[in-house]
Structures are given as structure tokens and as C-alpha cells.
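Chemist: For reference, the structure I am asking about is given below.
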Protein chains: 4
Amino acid sequence: MTTESIEDLTRRLTAFAAARSWQPFHTPKNLAAALTVEAGELLEIFQWLTPEQAVAVMSEPDRAHRVRDEVADVLAYLLQFCAVLGVDPLAALSAKIDRNELRFPVPGDVGEAGEGGR
Amino acid sequence: MTTESIEDLTRRLTAFAAARSWQPFHTPKNLAAALTVEAGELLEIFQWLTPEQAVAVMSEPDRAHRVRDEVADVLAYLLQFCAVLGVDPLAALSAKIDRNELRFPVPGDVGEAGEGGR
Amino acid sequence: MTTESIEDLTRRLTAFAAARSWQPFHTPKNLAAALTVEAGELLEIFQWLTPEQAVAVMSEPDRAHRVRDEVADVLAYLLQFCAVLGVDPLAALSAKIDRNELRFPVPGDVGEAGEGGR
Amino acid sequence: MTTESIEDLTRRLTAFAAARSWQPFHTPKNLAAALTVEAGELLEIFQWLTPEQAVAVMSEPDRAHRVRDEVADVLAYLLQFCAVLGVDPLAALSAKIDRNELRFPVPGDVGEAGEGGR
């Protein structure tokens, strides 16, 4: 169980890149590209699996490690992208959920049309 | 400034999907696909920009909103993917940074070969 | 039924970009990013579909149009990427199939171990 | 110089998959996911390169081979996706260029507003 927060991890990533003089490579555009590449690597684990195999992916140690490794890469590039551009990812997500609660009303809620479309 | 933690946001996302009966769609494979799609939408903002334009992207309100919106979507699908599979994304990232500190030693550190390769 | 070859289409794409002075944007890196973005848009059509719905996607006119449109975008950026770098995509694929025939022998072929792994 | 057409290559790919009993995996959704994954692998070659390095990528034999290999993978999954759904990729691209010639008029053409937006 980690006790590191998302801010702690962002600081470690920034210090890691600075110590290796990688900042010139970490432009917003390059980090957005790297994020997409890593998301693709996560998807690659699942591309030929049946839904049943996909659900059971964490019960196989090698695949479970690979999933955690790719999740880490996606999150690492997302946090570095946000750090470079001054975006607060938690605030961005909180605001988006607020908007989606208005955009997709719960079917059956009092006073809602409840179309349930997506 | 949000006071919501990543755990709070994950709970909101899970409740949001449950209230709309979207869980059957939220398989690990579908969420990994959706994560890749949203990462692509973030990259789309940058695909024709010069490095200078990309760095200045947050100074243009419409683009800044779009960036925050796509960051939120990427994070939303990453957290939902992790929730469905029981992965702790912060622990995964912490462990990955630990491994990378061994894999990419800082050039010039005492006792390190310091090849600096990537 | 088109009578245009892949070379004809590549020439049309190149002339189209030149007439609009888009060549400065069509760097190999930008075109590789745009290709990934368009592949994501094709995947988006399928991300929440069941396998049955996915197979039937061309029987619904709006979705069928969207599929053809995204296929066109993927192929357009692939051909422009190849034109900019001097890659012959058909020769590259032909050589790759040759290599894969050695790498993945058909199970049961005389003289083959036939492990069938992927 | 290959003398194989895009139809020849599609037939080889279909026969290759059939001989290995891979058709059950080659659903439209899986092939769209695989296409996105391979596009990401092509982008990965370029993600940290400067524009100058990216333009010179084919002058380095190892990278040139990797580029051709990923181009082949992208094209292979695109053709198999089209074969499974009955889409003619060349006709789709031809129709798309026709539409784009109307949507993006050449600036300065007689009778055109020529906004040049994208």
C-alpha cells in the first residue's frame, strides 16, 4: 500500500526527468504522443482475449505485472503532461464528472427526461 | 482547487456508471480501448502544432478547455479500468519509478556506469 | 468499384496537400501521430459494441458510412507517411508476410514443429 | 519492387489467418484494436525525435527496417479489417478525397471563398 499522493508522484517524475536532462524531450506534444503509445501497449495485452480471459487477466502473474507496468506508464506520462502544462488532473476530472451528471441524467430521477443515451 | 482525492473520484465514477447501468459495457477490454481512444483525442489537439504552439496551448481558452476535458477522459477511463481489475494505480506508478531509478542511473552518480541510454 | 490504384491515390493525396500548402505540416512525425489518432477514431465506433453488434456494423447506414470514412482517413495518412519517407507500403507488407510465414509455421505442415504460438 | 496488388496481399493475409485458424480472433473489433496498437508502435519510433531526426529516419538501417515493419503491420490489420467487413479501402479513400476537394477548396480558385481553414 503506497502512502504517496499523486502530487508526490508528480514531483518524483519531474525530479527523475530533470536528473537525467530529459526535460527538452518532455514537450507537451511528445508527452501526448507517449501517452497514446503507452495506452496502446495496455490495449495490446487485451486485443486477442475473449471477454472472459480479459476479466481474469490479473490471476496470471506475468500478465498482471504487465498490466500494472502499463498502467504506471500511462499515469506517468499523463502526470508529466499535466505538470508541463500546469493542468490539475484531479480538478479536471472532478469538473468533468460534474458536467456529465448534467449531460447524462439518471433514468427515473424525479424531474428528468431520462433518455439514457450516450 | 479540488479537495477530492483519486479514491474519491474513483468512487464517483463507479457510482456514476452504476446509476446508469453502464457496468456491463465497462469490461477491462472495453475500458482499455476507450482509454486509447481518449489518449488519441488528446494527441489530436497537438498533431499539427509546432513545438512553440504546443507549449502555448493553455493560453488559448478554447484549446485549454479541450485539453482539460481530454485529460479528464483519459484519467476517468484509467481509474475505471483499475477499479474493475483491482489495480492500485498510485502503487503501480510508485513501484515503476523505483524500478526505473535502478534501470536508468543518473549519469555521474558515485558507483554508477551512467550510460544514460533510454 | 474504383479503378484508381494505390499509386493513383497517393498522387492525388500529395497534389491535394501541395495545392493547399499543407506540406510543412506533413512531417513524418505529425503524419504518424495523425495515423494513430484516426485509428483511434475507427476503434471508437466499436468500443462499447458487443461482438455481435460489431459484426453487423455495416448493416446500419450511418455507422457503415463512418467506418468507410475512418478507413479512408487511416489509409490516407498511411500513404502520405510512406510518400514522405519513400516507403513502398505494398512491398513492406509483402516482405512482412514472407517473414511471418517462416515465423508462424502452419501446424501439421511436414517438417514443422507447429507450436502455434503467437 | 513488388508486383503484388492490394487485392493479392489481402488474399495472402486471409489465407495466412485461415491456415492458422486465427479467424475467430479476427473480429472487426479486435482488428480495429490491433490496428490502433500497431499505429502506436509506428508513432513510438518518432516520439522523442526532433523534426530533423524524424525526417532522416530512413537513413539509419535499423530504424528504417522498424518503420517498414510497422507500416506493414498497420496495413495488414487495415486490410484484414476491411476484408472481414466487406469494405473496399481504395474506393473509400477515393470517395473521401472527392468529398475533401469540396470541403477544402484551394485558396485562389475561381469562384471559391478560399478560407483555408482545416
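Every read-out reported here was derived from the displayed coordinates using simple, explicitly stated rules and does not represent laboratory data. Because the structure is a prediction, the values reported are computed rather than measured. A quick note on method: Cβ atoms are made from the backbone with ideal geometry, for glycine too, and the neighbour counts reach across all protein chains shown.
Chemist: Show me, for segment C:89-95, the HN-Hα J-couplings you get by feeding each phi into the Karplus relation (A = 6.51, B = -1.76, C = 1.60, θ = phi - 60°), rounded to Hz, glycine and proline as x.
Modeler: These are the phi-based 3J(HN,Hα) values: x, 5, 5, 4, 5, 4, 5 Hz.
Chemist: Once you average over the residues of B:18-30, how many Cβ atoms of partner chains fall within 10 Å of each Cβ?
Modeler: Whole-number average of other-chain Cβ neighbours for B:18-30 is 6.
Chemist: Could you compute the net charge surrounding C:LEU75? Neighbours are other residues with a C-beta less than 10 Å from the C-beta of C:LEU75; K and R count +1, D and E count -1.
Modeler: Neighbourhood net charge equals -2.
Chemist: Something else: Any idea what angle helix A:61-85 forms with the longest principal axis of chain A, computed on alpha-carbon atoms, 0 to 90 degrees, nearest 10?
Modeler: Long axis of A:61-85 versus the principal axis of chain A: about 80 degrees.
Chemist: Normalised by the residues of chain B, what does the relative contact order come to in percent, with Cα pairs under 8 Å and at least six apart?
Modeler: Over chain B, the number comes to 26 percent.
Chemist: From the backbone phi of segment C:15-25, what are the Karplus-calculated ³J(HN,Hα) couplings (6.51 cos²θ - 1.76 cosθ + 1.60, θ = phi - 60°) in whole Hz, Gly and Pro given as x?
Modeler: Per residue, the Karplus-derived 3J(HN,Hα) values read 5, 4, 5, 5, 5, 9, 6, 8, 4, x, 7 Hz.
Chemist: Let me know the charge dipole size of segment D:6-65 about its Cα centre in debye, to the nearest 20, where only the beta-carbon of Lys, Arg (+1) and Asp, Glu (-1) is charged.
Modeler: For segment D:6-65, the charge dipole is close to 420 debye.
Chemist: Averaged over D:46-58, how many beta carbons belonging to a partner chain fall within 10 Å of each residue's beta carbon?
Modeler: 6
Chemist: Now, a different point. Would you mind listing the distances between the C:ARG103 label point and the same position in each other copy? Use 7 Å along Cα-to-C-beta, nm, one decimal, shortest first.
Modeler: When each copy's label point is compared with this one, the spacings are 2.1, 3.5, 4.0 nm.
Chemist: While we're looking at this one, here's another question. Assume the label is 7 Å from Cα along Cα to beta carbon: what separations in nm does C:TRP22 have to the matching positions in the other copies?
Modeler: Spacings between copies for this position, smallest first, are 3.2, 3.3, 3.4 nm.
Chemist: Could you state the angle between the C-alpha long axis of helix B:28-46 and the longest principal axis of the C-alpha atoms of chain B, as a value from 0 to 90 degrees rounded to the nearest 10?
Modeler: 70 degrees
Chemist: Inter-copy label distances at A:PRO61, 7 Å along the Cα→beta-carbon direction, one decimal in nm, shortest first?
Modeler: Result, one decimal in nm: 4.1, 5.6, 5.8.
Chemist: Okay, moving on. Anyone know which of C:VAL84, C:VAL106, C:VAL57 comes out most mobile in the 10 Å Cα GNM of chain C?
Modeler: Of C:VAL84, C:VAL106, C:VAL57, the most mobile in the Gaussian network model is C:VAL106.
Chemist: Among B:ALA83, B:ALA54, B:ALA95, whose Cα sits farthest toward the positive end of the charge dipole of chain B (+1 at Cβ of Lys/Arg, -1 at Cβ of Asp/Glu, about the Cα centre)?
Modeler: B:ALA83
Chemist: Note down the nm distance, to one decimal, between modelled labels 7 Å out along Cα→Cβ at C:ARG103 and at A:TRP22.
Modeler: Label-label distance for C:ARG103 and A:TRP22, simple model: 2.7 nm.
Chemist: Then there's this: Can you tally the net charge around D:THR27? Count Lys and Arg as +1, Asp and Glu as -1, for every other residue whose Cβ sits under 13 Å from the Cβ of D:THR27.
Modeler: +1
Chemist: Just which residue of chain D brings its Cβ nearest the axis of rotation onto chain A, and by how many angstrom, rounded whole?
Modeler: Looking at chain D's Cβ atoms against the axis toward A, the nearest is D:GLY40, 1.
Chemist: Could I ask something else about it? From the convex hull of the Cα coordinates of the protein assembly as shown, what is the mean projected area in square nanometres?
Modeler: In nm², the orientation-averaged hull projection of the protein assembly as shown is 27.0.
Chemist: Residue by residue through segment A:97-104, what is 3J(HN,Hα) from phi via Karplus (6.51 cos²θ - 1.76 cosθ + 1.60, θ = phi - 60°)? Round to whole Hz and write x for glycine and proline.
Modeler: In residue order, the calculated couplings are 4, 3, 5, 5, 5, 7, 6, 10 Hz.
Chemist: Same structure again: Which GluC sites (Glu not before Pro) does segment B:2-51 hold that lie in a coil by DSSP with at most 12 other beta carbons within 10 Å?
Modeler: In loop regions of segment B:2-51 (DSSP not H, G, I, E or B), there are no sparsely surrounded GluC sites (Glu not before Pro).
Chemist: Could you grab the Rg to Rh ratio for chain B? Cα atoms only, Kirkwood for Rh.
Modeler: 1.07
Chemist: Expressed as a whole number of Å, what is the distance separating the alpha-carbon centroids of segment B:81-105 and segment D:29-65?
Modeler: Spelled out, the Cα-based centre of one part sits 26 Å from the other.
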